[in-house]
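Each remark here refers to the structure printed beneath this line.
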Amino acid sequence: MSSDKKKNDLWAFLASVKLALFTFFTLAAASIIGTVLPQGSEFHRFVHSRGWSPATEKVLQVLGLDDMYHSWWFVGLLSLFSINLIVCTIDRLPNILRLVRLDNLGLGVDRIVKMPQRREWFTAASLAEAESAFREKLAAMGWKTARGEHGSHVILSAQKGAWTRLGVIGVHTSILLIFVGAIIGSSLGFKGNIMLPEGTSSTKVYAADGSNSMIPLGFELRCDWFELERYDNGTPKDYRSQLVVLEDGREVMRKAIEVNDPLVYKGITFYQSSFQLLDGSFSVRITDRASGKSRLFHIRPGREFKWPEASVGFGIVNQQRVYPMSLRHKIWFNDPAGDPVQFWVNDGGTVPVVRGGKTYDFTIKQMYATGLQVAYDPGVWWVYAGCTIMLLGLYVAFFMSHRRIWVVLTPADGGRVKVNFNGTANKNRVGFENLFARMAESLEEDDSIKLTRE
Amino acid sequence: MTSSTLLGITTIAYLVASGLYIGLLVFRAKKLGTLATVLTALTFLVQTAGIVLRWIESHRMGYGHPPLSNMYESLVFFSWSTVIFYFGLEFKFKNRILGAFAIPFAFLSMALASMFHPDEIRPLVPALQSNWLFAHVMTCFVGYAAFAVACGLGVMYLVKSKSQKKEGLLASLPDLRVIDDIIHKTIVFGFLWLSAGIITGAIWANSAWGTYWSWDPKETWSLITWFVYAAALHARFTRGWGGTRIAWLAIIGFISVIFTYYGVNFLLSGLHSYGSG
Ligand code: HEM
């Protein structure tokens, strides 16, 4: 008995909204700390810049304040929050389901006639006439009635939106779904990054957790080309990387990614996040217009490079530079069709090179390394499902209600029939009151059955 | 006519409108109320034109983005949303005195924008070129506008409940129970939009960086705000809190909003520092 009582106390505590209010405010207050103290790799620098002692730093670290959103006590608070939510939901679910499924005809007449919205009329029509008139009239207004008898009373009842009582459950479950997604993501997924110079490939990326460990991708990723587009004032407008996925050396996928438009392969997503100029290296693309054949080169100035299949040789012989940018390049170009030629081309530009019957398009630009963020997060769909359910649930919980109406017909003295029209809604009572008043009015005005107040 | 001119006019006109609404509160002359509403409505049209024109101007400059990309533009949008939200309330509750507690926010926000933030139209850095960003900013600011009004109403509630006088200035304020009810409904409305705002923000972050949540200060503060309002809602419908306590929570919640929106950019650093321009 006493252990039962204790268990019930604990259960009641875990199901209580008091606990929820406590966790809401505690989470809110605790979250502030991490926005004031820089977290992760910034923490140490911050402590230094403030001139705090190593002992202070140690204490803060023991409290987990250098990475507080992942500290044992913050995760503990989130767990308490989840348990609270789960217990509260389990605790209240039976009652909510009971209300959703409730047979409104089963309610006693004395309860029905005391509902918040009520009208009382009398009619000279017979019980059967009154019944069919009300059924039709209410059906015309969109309320499909069920019929029951209770002693000498005939009861008609109808309801709308019983299911909307589940909105709250939707909202609360959605939060748990989001947590499940976050847990899946952090235990099965990873975050990484890599700087990939044009023309190079990698089968691993750096873990983004600061541990400097490498994460194998299970395939090879190559960057062929990186392009930077600037606004007139020089700020970057767009940057784009031509990425290629290789399995066992074979190309299986190719995509030009840009910020907000990543490449996804085997659930691993590669995001364009940054770039780095590789001073002194250049990317060249030569296309033979007639055959459509094209090749990429990654070169340095002052050396000859060859494209054997096309018997083409070329090199950079001079440059016009504003350090660290190269503005123009002077190119030496040769093939069997004639003597070598030299020409200038702007950085990032393309010039046609006409050689005998052939035309080559020659493109040259400075070489970059593309900075990619890499994420594998199998939990993200749980999170998105949770978010969708939350928004729908909030809408239902806030703006929709369960509305119920009844008509009770009772034989009264003088062969008349007493009519009780009643209704209730679990939310937006004012709105329902207006709706109910309009319905009552149109029932009173209806000619098929004469209703009087007395 | 440039968008700057239109928005400049808007700022001054909202100042005058605020004066009229406060005048209505003090002198209870019906005519002032009508005047205030008409002026606010006209100003709202000018402001709308200003926002649309600014969008067009950005296209002419070759950048082409909705005017929701920096501090200046979001303050203007906040002001605009506050007015539209207030009109909804004025229409629904047929009470103009509420304006004295709402339109000053619209004015202050415009004043802040024009005094402290450059209004030049700038190109977007790549990370901001996303429709999710605009969905994010819009949903957040509709929510913030509702919270601003809730805060104004909270102040109204506290002022009225402090004084027992049946006569004078405060008697013209709506009944305490009516104010309490509007505060609650306003918070509910704001909470739905704030939730949508946080969610669209998470989707945007995920599409740009591959992380829907990174505990950056702005994100965290929006969550703190969300917790405060969630607490207010639960306290009300399960523990029956009302009146003074909810009025205070409406004010505290809005302070948290201001900090999320403004304080974070200047006092803390993070991904969202784009807005500090
Ligand atoms: C941030 C997380 C939460 C959100 C967004 C949330 C949202 C909601 C919403 C929208 C409602 C319905 C309001 C209405 O009927 O008008 C509600 C009701 C409720 N919530 Fe939460 N909730 C959260 C967390 C919690 C937690 C942790 C508890 C733990 C006890 C809880 C307990 C309740 C209870 C008891 C109700 C009333 C349900 C009823 O009317 O039967 N909520 N919540």
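Read the figures in this text as sums done on the coordinates, not as results from a lab. In this text, all values refer to a predicted model and were calculated from it rather than measured experimentally. In this analysis, Cβ positions are derived from the backbone assuming ideal geometry, glycine residues included, and neighbour counts consider all displayed protein chains.
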Checking rank on B:149-157, A:75-83, with mean other Cβ inside 10 Å and highest first, the result is B:149-157, A:75-83
If one compares the long axis through the Cα atoms of helix A:429-445 with the longest principal axis of the Cα atoms of chain A, the angle in degrees, nearest 10, works out at 50
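If Lys and Arg each add +1 and Asp and Glu each add -1, what is the summed charge of the other residues whose beta carbon sits under 15 Å from the beta carbon of A:Ile257?
In short, -3.
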Stretched fully, the stretch from A:Leu176 through A:Leu127 gains (0.36 nm per residue minus C-alpha distance, one decimal, in nm) 12.4 nm
Picking from A:Asn426, A:Phe81, B:Ala41, whose Cα lies most toward the positive end of the charge dipole for the protein assembly as shown (charges on Cβ: Lys, Arg +1; Asp, Glu -1)? A:Asn426
Extension gain, A:Lys255 back to A:Val36 (0.36 nm per residue minus Cα-Cα distance, nm): 74.8 nm
So if R0 is 22 Å, what FRET efficiency would B:Leu158 and A:Arg92 give, r being the distance between their Cβ atoms, rounded to the nearest 0.05? 0.10
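Using the Cα centre of chain B as the reference point, and only Cβ charges (+1 on K/R, -1 on D/E), how large is the resulting charge dipole? Debye, rounded to the nearest 20. Let's see the in-between values first.
Details: 19 positive and 11 negative charges, 216 e Å.
For this selection, approximately 1040 debye.
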Of all trypsin sites (Lys or Arg not before Pro) in region A:50-138, which ones are in loop regions per DSSP and have a Cβ with at most 15 other Cβ atoms within 10 Å? A:Arg50, A:Lys114
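Apply the membrane-span-like helix rule to chain B: whole DSSP H runs, Cα extent along the own long axis of at least 15 Å, mean Kyte-Doolittle hydropathy at least 1.6. List the helices found.
B:3-27, B:103-116, B:243-258
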Residue separation times 0.36 nm, minus the C-alpha to C-alpha distance between B:Met115 and B:Asp181: what's the value? 20.2 nm
Given charges at Cβ of Lys, Arg, Asp, Glu: the protein assembly as shown dipole, positive-most of A:Leu60, A:His44, A:Ile316: A:Leu60
Quick check for me: using +1 on Lys/Arg Cβ and -1 on Asp/Glu Cβ, what's the dipole size of region A:3-98 about its Cα centre, in debye to the nearest 20? 340
Per-residue average of Cβ from other chains inside 10 Å of A:110-120: 0
Kirkwood Rh, Cα atoms: Rg over Rh of region A:190-376: 1.01
Would you list A:Ser448, A:Ser201 from fewest to most Cβ contacts within 10 Å? A:Ser448, A:Ser201
Which is the longest run of chain B containing none of the GluC sites (Glu not before Pro) found in DSSP loop states (not H, G, I, E, B) with at most 11 other C-beta atoms within 10 Å? B:1-119
At q = 0.14 Å⁻¹, work out log10 I(q)/I(0) for chain B with the Debye formula, treating every Cα as an identical point scatterer and leaving solvent out; two decimals please. -1.00
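Quick one: dipole size for the protein assembly as shown, taken about the Cα centre, charges +1 on Lys/Arg Cβ and -1 on Asp/Glu Cβ, in debye to the nearest 20.
Rounded to the nearest 20 debye, it is 1560 debye.
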Using square roots of five times the C-alpha gyration tensor eigenvalues, list the equivalent-ellipsoid semi-axes of region A:302-367 in whole Å, biggest first. 22, 12, 10
So how many Lys-Lys pairs in region A:190-376 land under 22 Å Cα to Cα, not counting same-chain pairs under 8 apart? 18
Taking every alpha carbon pair in the protein assembly as shown, what does the distance histogram look like in 10 angstrom bins from 0, in percent? 2, 11, 16, 18, 18, 14, 9, 6, 3, 2, 1, 0, 0
Using alpha-carbon positions, what is the distance between the centroids of region B:221-254 and region B:42-76, in Å? 33
What average count of beta carbons from other chains do you get within 10 Å of the Cβ of residues in A:27-36? 6
With 10 angstrom as the radius, rank A:Leu105, B:Leu45 by how many other C-beta atoms surround their C-beta, starting from the fewest. B:Leu45, A:Leu105
So which residue, out of B:Leu20, B:Leu192, B:Leu75, gets the largest mean-square fluctuation from a GNM of chain B using Cα contacts under 10 Å as springs? B:Leu192
Under a 10 Å cutoff between Cα atoms, tell me which one of B:Ala145, B:Ala113, B:Ala230 has the largest fluctuation in the Gaussian network model of chain B. B:Ala230
Find the centroid of the Cα atoms in region A:373-436 and in region A:316-363, then give the distance between the two in whole Å. 73
In the structure shown, of A:Lys18/A:Lys427; A:Lys137/A:Lys427; B:Lys30/B:Lys185; A:Lys137/B:Lys94; A:Lys18/B:Lys218; B:Lys92/B:Lys162, the pairs separated by more than 31 angstrom at the C-alpha atoms are A:Lys137/B:Lys94
The alpha-carbon center of region A:80-100 and that of region A:181-255 are separated, in whole Å, by 44
When the charge dipole of the protein assembly as shown is computed with +1 at the Cβ of Lys and Arg and -1 at the Cβ of Asp and Glu, the Cα pointing farthest to the positive end, of A:Trp72, A:Leu102, A:Pro116, is that of A:Pro116
